[in-house]
Amino acid sequence: MAMKKTSLLLILALGTILLSACHFIPDDELYNNTGSDIVITAYTLISNGTYEELKNKPQVKINQIKIQLGTHTYNYEIERTFTLKTVQSTTIGVPYKIKIQRGNQIYCYDIKWIPYGFYKSMKGSWRIARLQIQQDGLIYLLSPETSGIVTNFPPQPPDFPLHPKSE
């Protein structure tokens, strides 16, 4: 009986470890290498449940939309704005699109799927992908171990670097 109980506990513990290894909490960090300060507006899709949690918070702007991704429909997006000094970085969550204002220029991007190999493991299940915007408006993925502005970029996956599109 004790052996069965020990085996069951070992199986449950191993299952928990394997499940947590399969799922991670992503975040994106953007480095500013444009040569001037920029203002970033990040748009993140949220579900109805998250909307109910956030709707009364004054620091969060929520827009009503309707976007179908696969079998899931999103009815809301969160709009968050950050000011980023040159050669600094900030985390921007996991937006599906961003708008960057640099002086009187406005760059708009649809964020593409970032391959798992570009994420760095942080605490627990948290993983971070690092990106860098250049003076020409292109946004490159950085290697996971990067911790600052770079001049040499790793080979980029399909759809990268991101190119700005018109608003």
If you take the residues of region 66-117 that are among the hydrophobic types (A, V, I, L, M, F, W, C) and part of a loop (DSSP other than H, G, I, E, B), which of them is farthest from the chain's Cα centre (by Cα)?
Val87
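Do we have any residue at all in region 15-38 that's among the small types (Gly, Ala, Ser), under 29 Å from Gln134 (Cα atoms), surrounded by 12 or more Cβ atoms within 10 Å (Cβ to Cβ) and at pLDDT 75 or above? Show your work before the answer.
Step one: of region 15-38, the residues among the small types (Gly, Ala, Ser) are 15, 20-21, 35-36.
Narrowing further to those that are under 29 Å from Gln134 (Cα atoms): 35-36.
Then drop every residue that is not surrounded by 12 or more Cβ atoms within 10 Å (Cβ to Cβ), which leaves none.
No, every residue in region 15-38 fails to be among the small types (Gly, Ala, Ser), under 29 Å from Gln134 (Cα atoms), surrounded by 12 or more Cβ atoms within 10 Å (Cβ to Cβ) and at pLDDT 75 or above.
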Those residues that are touching a residue at least 24 places away in the same chain (Cβ under 8 Å) and surrounded by 11 or more Cβ atoms within 10 Å (Cβ to Cβ), I need them from region 68-85; list them, please.
Tyr74, Asn75, Tyr76, Glu77, Ile78, Glu79, Arg80, Thr81, Phe82, Thr83, Leu84, Lys85
Condition first: on the phi > 0 side of the Ramachandran plot and modelled with pLDDT under 80. Now tell me which residues in region 82-99 satisfy that.
Gly93
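Do we find that Ile149 is within 24 Å of Leu45 (Cβ to Cβ) and surrounded by 12 or more Cβ atoms within 10 Å (Cβ to Cβ) in this structure? Working first, answer last.
Values: within 24 Å of Leu45 (Cβ to Cβ): no; surrounded by 12 or more Cβ atoms within 10 Å (Cβ to Cβ): yes.
Answer is no for this residue.
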Mind checking which pairs have a first residue in region 152-167 that is surrounded by 10 or more Cβ atoms within 10 Å (Cβ to Cβ) and a second that is assigned to a loop (DSSP other than H, G, I, E, B), Cβ under 6 Å, 6 or more apart or different chains?
Pro154/Ser143; Pro157/Pro115; Asp159/Lys112; Pro161/Leu138; Pro164/Gly137
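The values are calculated or read from the model by the stated rules, or taken from the named source; none is laboratory data. Nothing here was measured: the structure is a model prediction, and the numbers come from that model. In this analysis, Cβ positions are derived from the backbone assuming ideal geometry, glycine residues included, and neighbour counts consider all displayed protein chains.
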